[in-house]
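To keep things clear, I will list the structure first and then write my remarks on it.
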Amino acid sequence: MAGIKKAVVVAGVAVGLVVGAAGASSAAGFSGMSKEKYDRVRFGMSRQEVLDIVGPTACADNGKPATAQSTVPTFTCWVSGIEEWAPYSHLTFNAEGKLYMKSFYRMSLPAAPSMTAAQYKKVTVGMTEEQVLKAVGANSCVETDVAQPAFPSTAGATSTLTCWTGKGTGFLDAAAWFWFKDGKVFEKHERDVVGASRPPFG
């Protein structure tokens, strides 16, 4: 659980950290990442293999373009530059330099979100992703992070579904998060889906 939450929380605050570190904003000009490239990046790839897919200008390493020699565990790869709320991806490597976790922020959004409070409440611990999507509506959700911490083993694999209501898909719009481990829900959380506003992560 801590690993998944960390990934999602990091994804949620990275823009502020990078922009805050910056003046680097448009000066660095990182760009070139896309959802299509994100989908092509596979667990077990090296930094060089990842960069061959996403491009040499997409990912940052402490304000400089990431390279195969970078030692940072996570590349932050931008779609169209470092700007507030701009889409990006996190690509994380293990001690052997192999990709084992990836997540994204706003590189893909559901076309017609419509999850309701009643649908959210139907989701219970132990449900599969297929069951969750059936309960809340596949058009309301995207899978925003996946990980295989024991790669190449799939034991302990994790993922997160982020789902929205019909109120919009902005950063602060009503949304829910369903966390999976080994294919089953082990925790869920919501913001403004059921009742008053609350922090997105507990």
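The values are calculated or read from the model by the stated rules, or taken from the named source; none is laboratory data. Owing to the predicted nature of the structure, the values given are computational and were not obtained by experimental measurement. Note that each Cβ is placed from the backbone with ideal geometry, even for glycine, and that neighbours are counted across all protein chains shown.
Values for this structure:
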| item | result |
| --- | --- |
| Residue within region 53-64 that is farther than 27 Å from G156 by Cβ and within 16 Å of the chain's Cα centre (by Cα) present | no |
| Residue among T169, T154 that is buried (at least 16 other Cβ atoms within 10 Å of the Cβ) and assigned to a loop (DSSP other than H, G, I, E, B) | T169 |
| Given (1) hydrophobic (A, V, I, L, M, F, W, C); (2) modelled with pLDDT under 95; (3) part of a strand (DSSP E or B), index of the condition C77 fails | (2) |
| V125 among the aliphatic types (A, V, I, L, M), in contact (Cβ under 8 Å) with a residue 12 or more places away in the chain and surrounded by fewer than 17 Cβ atoms within 10 Å (Cβ to Cβ) | yes |
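To keep it simple, each residue is scored yes or no on (1) in a strand (DSSP E or B); (2) surrounded by fewer than 17 Cβ atoms within 10 Å (Cβ to Cβ).
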| residue | (1), (2) |
| --- | --- |
| H90 | yes, no |
| A95 | no, yes |
| Y120 | no, no |
| V146 | yes, no |
